Amino acid sequence: MKIFIAAFNDISEKQINKAVNNFITKFKSTGAEDFVYDDPEVIWFLTGGSEHNALKRIESKNRYCFIASANDNSWAAATEVKALLNEKGINTRIFDYDNLESLAPLYDYIKVQDSDKCTRLGLIGQSADWLVASIPDKDLLKEVLNIEIHEFSHGELNDVVSPSGNTAFDNVFKEYKFGSKPETADYSAKLQSFVSLHNLDAIALDCFSIIKDSSFTACLSLSALNENNFPAVCEGDLCSAAGMIVFQRLTGKVPWMANLNYVNNGFAEFSHCTAPVSLMDGFTVDTHFETGKGAAIRGQLKKQQVTVFRVDRNLEHCFLSLGEVVETDFKENACRTQARIRMSAKSLFLLREYPLGNHHLIAPGDHTDILSEYFSNKGLRIV
């Protein structure tokens, strides 16, 4: 991380060296080599009277982390510079030196700028016709989130020759026994090979068409890809695919895509027949809920803090909330992996009265800052 120290012109070298040593002692991941004079990512406002020295290092195409404190007019200088840069449309954020435990929040903030590589999303089949609020315009996806849709038929996938050797499916489900395992394993191998053949970064699969014409389901195939941190969603849901892609760009991980089954004043219930198994304390293989066919994940999500989010089909809003998994009871009349999540009264109200759609994405931990920063930067309103 490249850090520039902004201070008044006549500050002594001794004062600078003392500050650097204190910084390195506080943030043990840093060293003297992280401090630069040009092209910084971070500007540390050590004192007041440092505004012009900071502005000389600013380029309009970049975004910057500011570090400031309540001492020596540091915060005052950072505020003055931020006000000017806000006018110019240059993104900055002030981080409180005294309350920073590590530089991880700064890395997350900077990462937003570097997370816009073009993503090739393969839509295999068609989006499910019941997703009436979850199919964004494909040109809009490209313009706002730099996601390109490449459409394929199920026939193109079925024509792929299954590769030999271990697959993502084998790595996760090799020890599990269920009736449709040979067909599921073969389909998973084809899917993994198809992804490589077409250089895809993510897939959205029309999974119900598969169930209609065969005895197996794609639930475990998608779970295996998710477990390898590859964005893969069912029902051809492009909104969920977009959110999953963004989360994977920012964190390197893949969240759980789930139905919103129920909301009251205390909690929301979510469920689905596929999920990354690493999110669970344990799981078994069951049948697919709606059809009773094939194989699905019946898992118990870890009881921990989670982030719940989704975008709308117009890419204007992002629902974003913290929650806590409090129950993972199994009900026969819902998809096989289920979770009751306690959330704030405001979040539950929005889920009941102003939902953006059915499917939501759920990830362990608090990722609200980086998601809020990313989607706000793209012009979406966080709700």
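The values are calculated or read from the model by the stated rules, or taken from the named source; none is laboratory data. All of these numbers come straight from a predicted model, not from anything done at the bench. Here Cβ is always computed from backbone atoms with ideal geometry, including for glycine, and neighbour counts include all displayed protein chains.
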Look through the range 287-312, keep the residues that are out of contact with any Lys or Arg (no Cβ under 6 Å at 6 or more places or on another chain) and of a type in the set (D, E, K, R), and return whichever of them is farthest from Ser271 (Cα to Cα). Asp312
All strands (runs of 3 or more DSSP E) inside the range 39-136 with 2 or more residues being farther than 30 Å from Glu235 by Cα and outside the structural domain of Glu151 (by TED's automatic domain parsing): 42-45, 64-68, 92-96
Going residue by residue through the range 348-356, is there one that turns out to be at pLDDT 95 or above and either among the small types (Gly, Ala, Ser) or touching a Gly at 6+ places or on another chain (Cβ under 6 Å) (or both)? no
Scanning the range 246-268 for residues that are over 25 Å from Asn333 (Cα atoms) and outside any loop (DSSP other than H, G, I, E, B), which turns out nearest to the chain's Cα centre (by Cα)? Phe247
Please state which of the following conditions Gln15 fails to meet, knowing it meets all the rest: (1) part of a helix (DSSP H, G or I); (2) buried (at least 17 other Cβ atoms within 10 Å of the Cβ). (2)
For the range 116-168, the count of residues that are surrounded by 15 or more Cβ atoms within 10 Å (Cβ to Cβ), under 19 Å from Ile210 (Cβ atoms) and of a type in the set (Val, Ile, Thr) equals 3
Do the conditions hold for Asn171, that is, is it of a type outside the set (A, V, I, L, M) and either under 20 Å from Phe289 (Cβ atoms) or out of contact with any strand residue (DSSP E or B) (no Cβ under 7 Å at 6 or more places or on another chain) (or both)? yes
Just to check your reading of the model, which residue among Gly236, Gly299, Gly243, Gly294 is in a loop (DSSP other than H, G, I, E, B), crowded, with 24+ Cβ neighbours inside 10 Å, assigned by TED's automatic domain parsing to the domain that holds Glu143 and under 22 Å from the mean Cα position of the chain (by Cα)? Gly236
Of the residues Phe4, Phe45, Phe23, only one is in contact with a Pro (Cβ under 8 Å, 6 or more places away or on another chain), buried (at least 17 other Cβ atoms within 10 Å of the Cβ) and at pLDDT 95 or above; which? Phe4
Only one of Leu322, Leu361, Leu356 is in contact with a strand residue (DSSP E or B) (Cβ under 7 Å, 6 or more places away or on another chain), within 26 Å of Ala224 (Cβ to Cβ) and not acidic (Asp, Glu). Can you tell me which? Leu361
Just to check your reading of the model, which residue among Ala83, Ala68, Ala78 is surrounded by fewer than 16 Cβ atoms within 10 Å (Cβ to Cβ), modelled with pLDDT of 95 or more, aliphatic (A, V, I, L, M) and closer than 25 Å to Ser372 by Cβ? Ala83
Asn333: at pLDDT 95 or above and surrounded by fewer than 20 Cβ atoms within 10 Å (Cβ to Cβ), yes or no? no
Spot the failing condition for Tyr109; the list is (1) of a type outside the set (A, V, I, L, M, F, W, C); (2) touching a residue at least 40 places away in the same chain (Cβ under 8 Å); (3) on the phi > 0 side of the Ramachandran plot, and only one is missed. (3)
In the range 302-323, residues that are out of contact with any Cys (no Cβ under 8 Å at 6 or more places or on another chain) and either in a strand (DSSP E or B) or of a type in the set (Phe, Trp, Tyr) (or both) total 11
